[in-house]
Structures are given as C-alpha cells and as structure tokens.
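All of the numbers you see were taken from the coordinates with simple rules; none came from a lab. Being a predicted model, the structure only gives us computed values, none of them experimental. Quick reminder, even Gly has a Cβ in these numbers, built from the backbone with ideal geometry, and neighbours come from all protein chains shown.
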Amino acid sequence: MAAPPVAPPPELSRRLTLLFAVSAAAAISNLYWAQPLLAFIAGDLHATTATAGWLVTATQVGYALGVLLLVPLGDVLDRRRLIPVLLLISAAALVLCALAPSIGVLLLALGLLGVTTVSGQVLTPLAGDLAGDAHRGHVVGVVGSGTLTGILASRAISGLIADTAGWRTIFALAAVVAVLLAALLHRAIPPLAPRTRMPYPALLASVGTVVLRERAARWTLVLASMGFAAFTLVWTALTFLLTGPPFHYPVSVVGLFGLAGLAGALTVQNAGRLHDHGWSLPATGAAWVLALAAFVTATFAGRSIALIILVLVVIDVALQGQALLNRARLFAISDEARSRLNTALGVSNFLGGAVGSATATALWSVGGWTAVMRMGTVLCCGALVVWARGRRGPLVVGATNREMT
C-alpha cells in the first residue's frame, strides 16, 4: 500500500551531498581493501594465490546478498536511522576481518562484510529523492563519484598501509571510520517519510515485480552487469600481473595503480550532466566503444607499464561513465521505487563483479593477462550488441517501458 502524500523533501545541500559522497566512498572501499593484497595475504595466512583470489569473489557475492536483502528497506524505513545502523554493523564485520586467524575465517568475515557494507547503496537513492528533477543526474553523479573514488583509492590506501603496518591494520582503521560516519550521518540526514509501506516479504518480492514491469530496467541491468564484470575482470587480473613476473611490485606500489582510475570518478560527474541534458543513450554507446578499444589495446600491453596505466584510465572512464548513466536512467523510471531499483542494479552489478573476478582468476592460470583481456574484449562486444538493439526501444525510459515483453 502506498504511503499517504507527504511534504516535499528538503533540497540536498552541497555540504550534505559531499558527506553522502564521502560516506559512499568509505562503504564501498570495504569491498576492495583486500584486492591489491591478495598475494600478501596468501603468504601471511599460508594459502595459495588462487585461493586468495576468492576473497574478492566472497566479498562481491556477500555484497550482492546485502543489496538484495537490506537496500530495499530504504523505501519503507527511516533512512536517518537505517544508514547509521548499517554502518555500525559493518564496523563489527571489519573488526572480525582484522582478527581473522586463517584464510577460511577471512573468507567468511569478508562475506559478512559484503552483506553489511551496503549503506552507500541506500544513500544513493536518498540523494536522488532529495535532488530536484533538473539536477538529479548531476547529484547522483557526485555521490557516484564518491563511490568510484572509494573503489579506486582503496587499493592505493590499503597497499600503503599494509606495506608499513600490515594488512590487518587497514580493516581496523576502516572500522573506526565507519563508526564516525554513522554518528555524522545520524545528525545530518533530514527527516524524510518512507516512499511506501509494505511487509518485508512483499517488499523483497516487489523488487522483481518492478523489474518485470519496466522493460528499460531489464535491459539496463544487463548492460550494468556486463560493465561491472569487465571492471572487476581487469582489476583482479592487474593484481596478479603486477605482483608476478616481470614486475614483482610490492603491495604499496600495486595499490598506487588504483589512482590511475580516478579519472573515471571525475568523469562520472560530467556523465550525470549528460543524462540531465538527454544524452544518456548516445553517451552509453560511446562509452562501450571506448572500452572496447581499450581492452583490445590492453591485450598487447602486458609488459609495458606506461601502456597499462593508459588503458586503465580509459577503461575506468568508459566503464564508470556508463555505470552512472545506467543508474540515472533507472532512477528516472520510478520515484517511489528508487531503493528497489537500486537493489536490482546492485545485485546485477555485483553478481557481474563476482563472475568477473572469478573468471579473471580462472583465466589467469590458463593464459595470463592476454587471456583475461581477450575476455574483456568479448564482454564489450556483447554489451555493444545489447546497446545497439535497445537504444531505439527497450532502453528508452518512457511509457512503452511498461510492456511485459
């Protein structure tokens, strides 16, 4: 049953937008602290590199479950309370990661962390609710840039800290940050009535109902999952490349490569403006063409650090730009179901991410960097086929999107 009409929400100030962006960055960073440290953690916990590669997969699968089970609550609960509670629970999971005595316990702890560190996915639709229609793409882009900055900067931060104080320290510090942000957000988030009211089982079921009803949502989710699969594919393989021959870089240097992708985070804000001006679908196609060119080039870049950095920048610009456009397009579909649409997007993204990281781990043992980059090329070609077939119909947000076909 829909909630009774409420007063319009207060406008999102620049200060609160920045706090949302920082909080989203901190939340998403928890998924990636371990990624540049796989070889380091494997050595410390007496595990193989292949086993350590599953740490990323466990976190991604856990995150997909958390998005599915917890993020829809943003449509029916007071987010001023929900978001701080999620941050505090993730802080407890981070402490468990810091204390893990074995690779098995760490796998379990990271899976639990993935489930609980979903506050950023509740903040993003909240930002969409508080922003005006004319600026929603830009606001979502700013918060999204925080998310991407967290994804990329986390690798550099974890590498530097692990090199000087050990890999456990980064999880302990992240727990402290989560507690501080919980207190700040509880004070800063304005009161906002839930968008709808329904029992929890019906709420979860309605995620699928919304997706089935909206054809544009279904097609957009396919593109989103392919994009995140390509993203985790390249970054998981990069860790193996840089820590092995011929480079043998320490974790502090491997982490710094995450800074090469910050260009993608800056681009996301501009992608939001493209959506606000009606260029969402053409820009999405251009982003996938750019990603395809970068993956083809990356196939031949395995021994050139300069070329690796270049393709990382281009891949991140392309994939993160299209990711923001996907999110902005989904938020334009329904005002009352943004958290549930964001749930569907998050599950699609991070199931795609889990497949991407697992595929990179499997292909690495078969054909190394070249094999992984060829798979990225195949993903880009597939995404372009989806975009080309959908850009004049199924991907267009409008009345026809309520068709069931």
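Relative contact order of the chain, taken over Cα pairs closer than 8 Å and 6 or more residues apart, is 26 percent. Amide hydrogen proximity for Thr196: with H placed 1.01 Å from N in the peptide plane, the residues at 5 or more positions away or on another chain lying under 5 Å are Ala3. Reported value for the chain: 121 Å³ per residue, from the convex hull of its C-alpha atoms. Using R0 = 41 Å, the C-beta based FRET efficiency linking Asp78 and Val385 works out to 0.45.
Calculate how large, on average over all directions, the projected area of the Cα convex hull of region 169-267 is; give the answer in nm² to one decimal. Write down the numbers at each step before the final one.
Numbers: hull surface 43.6 nm².
Spelled out: convex hull of the Cα atoms, projected over all directions, averaged, 10.9 nm².
Peptide packing for 377-386, 297-306 was compared via the average number of neighbouring C-beta atoms within 10 Å per residue; ordered from the highest value, the list is 377-386, 297-306. Each label was represented as a point 7 Å from its Cα along the Cα-to-Cβ direction; for Leu180 and Ala165 these points are 1.1 nm apart.
Rounding to the nearest 10 and keeping the result within 0 to 90°, find how far the Cα-based axis of helix 280-298 lies from the longest principal axis of the chain. Between helix and principal axis, roughly 10 degrees.
Given R₀ = 45 Å, FRET efficiency for Arg187-Thr370 by Cβ-Cβ distance, to 0.05? Walk me through the numbers before you get to the answer.
Values: r = 51 Å, r/R0 = 1.14.
Computed FRET efficiency for Arg187 and Thr370 comes out at 0.30.
Secondary-structure-derived ellipticity at 222 nm for the chain, considering helices only, amounts to -26000 deg cm²/dmol, per-run term -39500 (n - 2.57) for DSSP H runs with n ≥ 4. Pairing the Cα long axis of helix 103-116 with the longest principal axis of the chain, what angle in degrees results, from 0 to 90 and rounded to the nearest 10? Long axis of 103-116 versus the principal axis of the chain: about 20 degrees. Taking only Cα atoms, what is the 0 to 90° angle, nearest 10, from helix 338-390's long axis to the longest principal axis of the chain? Value to nearest ten degrees: 10. Remark: spin-label model distance Ala362-Thr209 equals 3.6 nm, labels positioned 7 Å along the Cα→Cβ axis.
Computed extension gain for Leu310 through Glu336, at 0.36 nm per residue and net of the alpha carbon distance, reaches 5.3 nm.
In a solvent-free Debye calculation with one equal scatterer on each Cα, what is log10 I(q)/I(0) for region 212-259 at q = 0.30 Å⁻¹, listed in the order of the q values? Values, matching the q order: -1.02. The gain in end-to-end length when the Trp279 to Arg14 segment is fully stretched comes to 92.9 nm, 0.36 nm per residue minus the alpha carbon separation.
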